[in-house]
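Report on one structure; see the data block that follows.
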Amino acid sequence: MVDKNGVEMKTGDVVLISGAFFKNDNGLWFIERSPGDPSWCGSSYSLTKLKRNGQPSTAKYNLCSWPIAIFTNSWAKRNEAHAWNAEHAEIEVVKIADRSAIADHFMGLAKELDPYIEREVWDWGENHPEVLRHKEVRSFYASVAKQLKK
């Protein structure tokens, strides 16, 4: 998928959402998972909110998807928000100066898989499909972190 300027969006990119129906959906986000990633089977983009200093947010509502998903208990408000977002919401890939916190986030995701891989190797061996899949995911996250540190 491309942003409003025709730039292809990929995992690790920082994006700016504007014009969304709910104010919390507007702001700076980074793409944590995108279609085609080894660890993601969805067709939408999974976004995590960024703080003003460029670090991933720890707020309660720090997740979003693109296209924006609407979860309310009112069908009328949900339909209104979907229509508004389809017409007004825009996403744009932006450059920020310091992406080291995002790179550290992806390196942390890669390191989280190490104990799982180690245990699966003990249980099933080095060439089991699950072991190979987790190794592929770990190397993908490490490559995203390396690319962000450039």
Checklist line | Angle in degrees between helix 100-112 and the longest Cα principal axis of the chain, rounded to the nearest 10 | finding: 50 degrees
Check: If you put +1 on each Lys and Arg Cβ and -1 on each Asp and Glu Cβ, how big is the dipole of the chain around its Cα centre, in Debye rounded to 20?
Finding: 520 debye
Note to self: Taking 0.36 nm per residue of sequence separation and subtracting the Cα-Cα distance, how much length would be gained by fully extending the chain between R52 and R133, in nm to one decimal?
What the structure shows: 25.7 nm
Check: Counting other Cβ atoms within 10 Å of each Cβ, which chymotrypsin sites (Phe, Trp or Tyr not before Pro) in region 1-87 have at most 12 and sit in a DSSP loop?
Finding: Y61, F71
Next item on the list: Pull out a ≥ b ≥ c, the square roots of the eigenvalues of the alpha-carbon gyration tensor of the chain, then state rounded if a/c is under 1.5, prolate if not and a/b is larger than b/c, and oblate in the remaining case.
Entry: prolate
Item checked: Distance violations [Cα-Cα > 19 Å] among K10/K150; K4/K149; K95/K146 -> K4/K149
Item checked: On Cα atoms only, tilt of 75-88 relative to the major axis of the chain in degrees -> 90 degrees
Check: So how far, in whole Å, is the C-alpha centre of region 91-140 from the one of region 20-35?
Finding: 22 Å
Check: Are there trypsin sites (Lys or Arg not before Pro) in region 56-126 that DSSP puts in a loop and that have at most 13 other Cβ atoms within 10 Å, and which ones?
Finding: K60, K95
Next item on the list: Mind checking which lysines have their Cα closer than 16 Å to the Cα of K60? Skip sequence neighbours fewer than 8 apart in that chain.
Entry: K23, K49, K51
Checklist line | Dipole of the chain, positive direction: furthest Cα of A76, A20, Y45, with charges on the beta-carbon | finding: A20
Margin query: For the chain, take the longest principal axis of its alpha carbons; what is the angle in degrees between that and the long axis of helix 129-149, to the nearest 10 within 0 to 90?
Written below: 60 degrees
Next item on the list: Report the relative contact order of the chain, percent, no decimals, based on alpha-carbon pairs under 8 angstrom and at least 6 residues apart.
Entry: 24 percent
Checklist line | Computed Rg/Rh of region 100-149, alpha carbon atoms with Kirkwood Rh | finding: 1.07
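All of the numbers you see were taken from the coordinates with simple rules; none came from a lab. All values derive from a computational prediction rather than experimental measurement. Reconstructed Cβ throughout: ideal geometry from the backbone, glycine too, with neighbour counts over all protein chains shown.
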